[in-house]
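Quick notes on the structure that follows.
Nothing in this text is a laboratory measurement; each read-out follows from the coordinates by a stated rule. Computed from a predicted model, the values in this text were never measured in an experiment. Neighbour counts run over all protein chains shown; Cβ positions are idealised from the backbone, glycine included.
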Amino acid sequence: MDSTLTTSKKENILCVLRGVLAAISLTVVLILFLALIYKFVDMSEGVIKIVNQVIKVLSIAVGVFVCVKKNRIKGMLKGSIIGAIYTLASYLLFSILISSFSFSLSLVYDIIFGTLIGLIFGVIFVNFRK
């Protein structure tokens, strides 16, 4: 029984990591696409902020879906963890890319937002019928 529990924990960890990787991958693709559009279309800072939030929500949703699509249990927990880790990982990734790290209250709000979005999609996707 102990090996089953260990296997289950490993599966859950791998599931969350796959979800985070899927979310970050989608974010990178969408941000590159947004940058391409921005090159040809003048967008205000307000529009860019809204699009960035939409990209975050979509990415977290995809990440949670990737994780819970086969094993439809613990959606709230897995979704919350994916949302939080995705937010931190994407912050670190883009901070490295622009060579600027700054901790602020907005990062805390982003982590809370990502966690709540992950939780919501975890509940939704666990309850989807095939």
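State the number of lysine pairs found in the stretch 2-126 whose Cα atoms come within less than 25 Å, restricting to pairs 8 or more positions apart or on distinct chains.
16
Hey, rough spin-label estimate for I124 and V54, points 7 angstrom out along Cα→Cβ, what's it come to in nanometres?
About 1.5 nm separates the two model spin labels.
Rank by packing, highest mean first: peptides 66-75, 34-43, with packing defined as the count of other Cβ atoms within 10 Å averaged across residues.
66-75, 34-43
Treat each spin label as a single point 7 Å out from the Cα along the C-beta direction, and report the S25 to I112 distance in nm.
Result: 3.3 nm between the two label points.
What distance in nm lies between label points placed 7 Å from Cα along the C-beta direction at K70 and A89?
Roughly 1.7 nm, to one decimal.
If you take Rg and Dmax of the Cα atoms in Å from the coordinates, which of (1) 16.1, 60; (2) 23.7, 82; (3) 13.2, 38 do you get?
Checking each listed value against the structure points to (1).
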